[in-house]
Every structure is written in structure tokens, then in C-alpha cells.
1. Given the residues Ile63, Ile105, which is the only one that is at pLDDT 95 or above, surrounded by 14 or more Cβ atoms within 10 Å (Cβ to Cβ) and touching a strand residue (DSSP E or B) at 6+ places or on another chain (Cβ under 9 Å)?
2. Go through Glu70, Glu7, Glu36, Glu49 for me and flag whichever is modelled with pLDDT under 95 and farther than 15 Å from His101 by Cα.
3. Taking Ile37, is it in a helix (DSSP H, G or I) and either in contact with a helix residue (DSSP H, G or I) (Cβ under 9 Å, 6 or more places away or on another chain) or β-branched (Val, Ile, Thr) (or both)?
4. Give all pairs with beta carbons closer than 7 Å in which a residue from region 66-88 that is surrounded by fewer than 20 Cβ atoms within 10 Å (Cβ to Cβ) meets a residue that is assigned to a strand (DSSP E or B) and of a type in the set (A, V, I, L, M); count only pairs at least 6 apart in sequence or on separate chains.
5. Can you tell me which residue among Gly120, Gly113 is small (Gly, Ala, Ser), surrounded by fewer than 20 Cβ atoms within 10 Å (Cβ to Cβ) and closer than 19 Å to Val26 by Cα?
6. Could you list, in sequence order, all residues of region 53-106 that are acidic (Asp, Glu), touching a Ser or Thr at 6+ places or on another chain (Cβ under 6 Å) and assigned to a loop (DSSP other than H, G, I, E, B)?
7. Working only within region 1-44, note down all residues that are loosely packed, with under 13 Cβ neighbours inside 10 Å and either in contact with an Asp or Glu (Cβ under 9 Å, 6 or more places away or on another chain) or over 23 Å from Asn138 (Cα atoms) (or both).
Amino acid sequence: MITFQTEQMDMPAINQAKVREWIKLVAASYHKRVGEIAYFFCNDDKILEVNREYLQHDYYTDIITFDYCEGNRLSGDLFISIDTVRSNSEQLGTPYDTELHRVIIHGVLHLCGINDKGPGEREIMEAAEDKALALYNNIAN
């Protein structure tokens, strides 16, 4: 089950049914199945609070992924700062909707086992994001 919740803000305008289908397709492409995935859309203040409390990091970020996967079943809590997504979209010159979907799938890719912190990993993650975004764009509305 994939759920979408908000903390201290309005729900972003996403097609939740299409996003759920997309996430399942991406998971299947990595031979995974979807368990319990909960998205929490929040503001910068909340993501900083989560980052400090659970990861001991004192900075803003676009997404924090808590991985509860077991075997090939994807489960996790994903916190997404809409404030940071919006500022990243402006800085990168990409449409807000594209950046939001990139971040939504970024967390799922982490749950699938793709990392982005080590040498060469960022390029692998970006290629996986691009492939997933192309898949999203091919799903009928």
C-alpha cells in the first residue's frame, strides 16, 4: 500500500493513482514488490527537524528515506520537503512537477538498493531517475 500524507501544508497536486502504478512498475523493474510505503510531504522546518532528530544531520534536504524493506518487499517512510523541491527546481531550471516526481521516485530507488553517496553512485542514481521518469511519462493518465 502506498499512502500520501502532509505535515503542515497542502497536498501537492499529483495524480496519486498514476504515481502508485508508476512506483509499482519501477519496483517490478528491480524485481521488487511494494509493501507499505508512506510519503509525508512537509516543509523545510519539518524536514530539518526529522534530519536532526533521526539522522543527526543539521541541514535541509529534499528527501529522507527510512528503509523498512524485507527481502524483495519495499517498505519505508519517505519525507519530502516541498520547499526544497521548489527551490531545487528553480535552481536547476527544471519544471516543478518534474522535480517533484524525480524526488518521489528517488526514495523508491533507494528502497530498491540504489545509493548516491559513494564514488560513481550519483551517476547511476541519476540514470535510474531518468529511466523512471520516462516510464512515468509513458503511463496513460
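The values are calculated or read from the model by the stated rules, or taken from the named source; none is laboratory data. The shown structure was predicted, so the numbers you read here are calculated from the model rather than taken from an experiment. Cβ sites come from the backbone with ideal geometry, for glycine too, and all protein chains shown count toward neighbours.
1. Working: Ile105 fails: touching a strand residue (DSSP E or B) at 6+ places or on another chain (Cβ under 9 Å).
Checking each option against the conditions leaves just Ile63.
2. Working: Glu70 fails: modelled with pLDDT under 95; Glu36 fails: modelled with pLDDT under 95; Glu49 fails: modelled with pLDDT under 95.
Going through Glu70, Glu7, Glu36, Glu49 in turn, the sole match is Glu7.
3. Numbers: in a helix (DSSP H, G or I): no; either in contact with a helix residue (DSSP H, G or I) (Cβ under 9 Å, 6 or more places away or on another chain) or β-branched (Val, Ile, Thr) (or both): yes.
It is false that Ile37 is in a helix (DSSP H, G or I) and either in contact with a helix residue (DSSP H, G or I) (Cβ under 9 Å, 6 or more places away or on another chain) or β-branched (Val, Ile, Thr) (or both).
4. Every condition considered, the pairs that remain are Ser75/Ile37; Gly76/Ile37; Asp77/Ala38.
5. Numbers: Gly120 fails: closer than 19 Å to Val26 by Cα.
Every option except Gly113 fails the conditions.
6. Step one: filter region 53-106 for residues acidic (Asp, Glu), giving 53, 58, 62, 67, 70, 77, 83, 90, 97, 99.
Still in the running and touching a Ser or Thr at 6+ places or on another chain (Cβ under 6 Å): 62, 99.
Of everything in region 53-106, just one residue is acidic (Asp, Glu), touching a Ser or Thr at 6+ places or on another chain (Cβ under 6 Å) and assigned to a loop (DSSP other than H, G, I, E, B), namely Asp62.
7. Hits for region 1-44 are Met1, Thr3, Gln5, Gln8, Asp10, Met11, Ala13.
Yes/no matrix, rows are residues, columns are (1) farther than 20 Å from Ala132 by Cα; (2) more than 13 Å from the chain's Cα centre (by Cα):
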residue	(1), (2)
Ala17	no, yes
Glu21	no, yes
Ile47	yes, yes
Glu53	yes, yes
Asp67	no, no
Leu78	no, no
